[in-house]
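Worksheet for the structure shown next.
What follows is calculated from the coordinates using simple rules that are stated; it is not laboratory data. All of these numbers come straight from a predicted model, not from anything done at the bench. Note that we place each Cβ from the backbone using ideal geometry, even for glycine, and neighbour counts take in every protein chain shown.
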Amino acid sequence: MTDAGADDPLSRRVIGCAIEVHRALGPGLLESAYEACFAAELSHAGLVYRRQVPISIEYRGEAVDAGYFLDLVVEDALVVELKSVERVVPIHVAQLHTYLRLSGIRTGLLINFNVTKLIDGVTRRVVGSLTRIDSTQRATRGPQSRYGCGNHWLRGAVQILSSRTRM
């Protein structure tokens, strides 16, 4: 795992949307409230997203519907896992890694809204080349990010985030 590409414009824009939601609502609400408001903010920013995207598990050659859902997938290139917890623990990061592997998407954000400063609640992960196996057993490559400039005012926050998420 690396966080190469911390200047990814899509991640910067999505983090910017999360910061706007956090500024308006603050910490202390349920995850579902943040998800609804975050989705509205993504729409306002002109980003295409899907909420509660079902993912299946491939086990012994069979797709198994185990009831797992990605909180959000933005522009088919970024998995966003939302939390509203006292603190992010290693299992939350492991969950994001697993979702990236299962979805075939290379980049993910774990955003915990239950913090005083949102940037302290953001974890970004980028994994190497992934191959996703869908329910028809067809291998497909995860999409690559190809977006223009994001919120330039967020550059400093992403640099801070970048230094915190290096492994």
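Taking amide H as placed 1.01 Å from N in the peptide plane, Tyr49 has its amide H under 5 Å from the amide H of Glu75, each at least 5 places away in sequence or on another chain.
The amide H of Leu70, built 1.01 Å from its N in the peptide plane, has Val53, Ile55 as neighbours under 5 Å, considering only residues 5 or more places off or on other chains. Using a ≥ b ≥ c from the Cα gyration tensor of the stretch 14-132 (square roots of the eigenvalues), is it rounded, prolate or oblate, where a/c under 1.5 gives rounded and otherwise the larger of a/b and b/c decides, a/b for prolate? Prolate is the answer for the stretch 14-132, as a/c is 1.5 or above and a/b outweighs b/c. If you take the Cα atoms of the stretch 1-81, find Rg, then find the Kirkwood Rh from the mean of 1/r over all pairs, what is Rg/Rh? Taking Rh as the inverse mean 1/r over Cα pairs, Rg/Rh reads 1.04.
Under 5 Å from the amide H of Glu58 lie the amide H atoms of Val64, each residue being 5 or more positions distant or on a separate chain, with H modelled from the backbone and absent for Pro and chain starts. Restricting the GluC sites (Glu not before Pro) of the stretch 48-131 to loop positions (DSSP other than H, G, I, E, B) with no more than 15 neighbouring Cβ atoms within 10 Å leaves Glu86.
The label-point distance for Thr98 and Ala66, in a model that sets each label 7 Å from Cα toward Cβ, rounds to 0.5 nm. Karplus-derived 3J(HN,Hα) values for the stretch 8-18, using 6.51 cos²θ - 1.76 cosθ + 1.60 with θ = phi - 60°, are 4, x, 5, 4, 4, 5, 5, 4, x, 5, 5 Hz; glycine and proline are entered as x.
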